[in-house]
């Protein structure tokens, strides 16, 4: 099934570029808007799978729009876009309920991946701001005990969440680098994650680590 996307972006050229990138990847753009109020109206009308929202919108900013969507249309996933990796904005988007956070300077492939992962129910955060997200999730675990991860996989994910690379993980745990990569591959499958950073975010959010 094709993913239906709405774009809320105040700059016409940027909006056109986003539309071109998404449609070339096979997504269907079902709505577009240039400000917060019309964006909310269009998303209410189209009920897309994913809403791509600029954080600096006129009328209603992207954070407030995200909060409204989380309340009114929880089935619509939200990808927040911004020009900068400002920690306050990242955390504000997170608190508002954004499912993904992507920098506008990212390669088109990264944006496509963010939309795809988010549409499938995952969380995506640009690697350049992932450390902010991981730090915020630390201490916010929900106490769930139904983790699908083994003890070793959990141990490795904790190190990933601390920003440790694969080679250093292998050294710390006295295992082969190939073994670390194998464990990470299994973790990605179990958590339906696209990469190690997203796996750590998902695990932290669900209280697995």
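Observations on the structure shown:
- Considering only 106, 194, 161, the Gaussian network model of the chain with Cα springs below 10 Å gives its largest mean-square fluctuation to 106.
- Measuring nothing but how far apart in sequence close Cα pairs (under 8 Å, 6+ apart) lie, relative to its length, the chain scores a relative contact order of 15 percent.
- Based on every Cα atom in the range 138-206, Rg and the maximum pairwise Cα distance Dmax equal 11.4, 32 Å.
- Overall form of the range 19-93 per C-alpha gyration tensor (a/c, 1.5; a/b vs b/c): oblate
- Cβ crowding within 10 Å averaged over residues, with 183-192, 57-66 ranked highest first: 57-66, 183-192
- For the chain, adding -39500 (n - 2.57) for each run of n ≥ 4 DSSP H residues and dividing by the number of residues yields -16000 deg cm²/dmol at 222 nm.
- Remark: relative contact order (the range 4-125) = 22 percent; criterion is Cα-Cα distance under 8 angstrom and separation of 6 or more residues.
- Relative packing of peptides 200-208, 165-173 - highest average C-beta neighbours within 10 Å first: 200-208, 165-173
- Rg/Rh (Cα only; Kirkwood hydrodynamic radius) as it applies to the chain: 1.00
- Computed E for residue 186/residue 23 - FRET, C-beta separation, R0 30 angstrom, nearest 0.05: 0.30
Read-outs: derived from the displayed coordinates by stated rules, not from any lab. As the structure is a prediction and not an experimental result, all values here were calculated from the model. Methodologically, a virtual Cβ is constructed for each residue, glycine included, from the backbone with ideal geometry; neighbour enumeration extends over all protein chains shown.
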